[in-house]
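J.: Just dropping this structure here.
The values are calculated or read from the model by the stated rules, or taken from the named source; none is laboratory data. Bear in mind that the values here come from a model prediction, so they are computed numbers and not experimental data. Glycine gets a Cβ as well: all are built from the backbone with ideal geometry, and neighbour counts include every protein chain shown.
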Amino acid sequence: MLGKPASGGQTVRLALSAPVLHVMQRTMPRGQKWTPAKYAQAEALLRQGDVLQAQGVDYVTGQGQVMSWRTAEALVKLGVLVVPPQ
């Protein structure tokens with residue numbers, strides 16, 4: 001459920017439907033038109049554990065750092081993070 005419209009025109013965030021995300025890669029594929037600093041920031045967060053836990057609409061790494069919902073959703077679309085089967 002990545003950004004699907006909900007009733008009332010609001011967007012359903014990934015954290016509401018996927019309380020846990022698994023890290024599948026520690027590096028990001030390039031060519032996403034992100035700034036070098038954004039790649040470095042995302043990769044630093046990916047190295048902080050194998051699982052991200054939802055906290056509000058964002059995600060928290062094993063070391064307590066916050067990954068924004070926008071970054072998490074982008075990384076799920078790229079296959080860097082995966083939603084475990086339920």
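J.: Filter segment 48-65 down to the residues that are farther than 12 Å from Ala15 by Cβ and in a strand (DSSP E or B) and list them by number.
T.: Passing the criteria: only Val51.
J.: Also, I was wondering about something else. Going by what's in this entry, would Thr61 be described as out of contact with any strand residue (DSSP E or B) (no Cβ under 8 Å at 6 or more places or on another chain) and among the β-branched types (Val, Ile, Thr)? Show your work before the answer.
T.: Working: out of contact with any strand residue (DSSP E or B) (no Cβ under 8 Å at 6 or more places or on another chain): no; among the β-branched types (Val, Ile, Thr): yes.
Against the criterion (out of contact with any strand residue (DSSP E or B) (no Cβ under 8 Å at 6 or more places or on another chain) and among the β-branched types (Val, Ile, Thr)), Thr61 does not qualify.
J.: Can you give me the number of residues within segment 32-47 that are in a loop (DSSP other than H, G, I, E, B) and either charged (D, E, K, R) or within 13 Å of the chain's Cα centre (by Cα) (or both)?
T.: 2
J.: Restricting to segment 18-31, what's the tally of residues that are in contact (Cβ under 8 Å) with a residue 24 or more places away in the chain and either more than 13 Å from Val80 (Cα to Cα) or part of a helix (DSSP H, G or I) (or both)?
T.: Here the count works out to 3.
J.: Within segment 66-86, track down each residue that is under 14 Å from Ala54 (Cβ atoms), part of a loop (DSSP other than H, G, I, E, B) and touching a residue at least 12 places away in the same chain (Cβ under 8 Å).
T.: Val83, Pro84, listed by residue number.
J.: Okay, next question. Is it the case that segment 2-18 has a residue that's at pLDDT 90 or above and of a type in the set (A, V, I, L, M, F, W, C)? Give the steps one after another, and end with the answer.
T.: Here is the first cut: in segment 2-18, the residues at pLDDT 90 or above are none.
No, segment 2-18 contains no residue that is at pLDDT 90 or above and of a type in the set (A, V, I, L, M, F, W, C).
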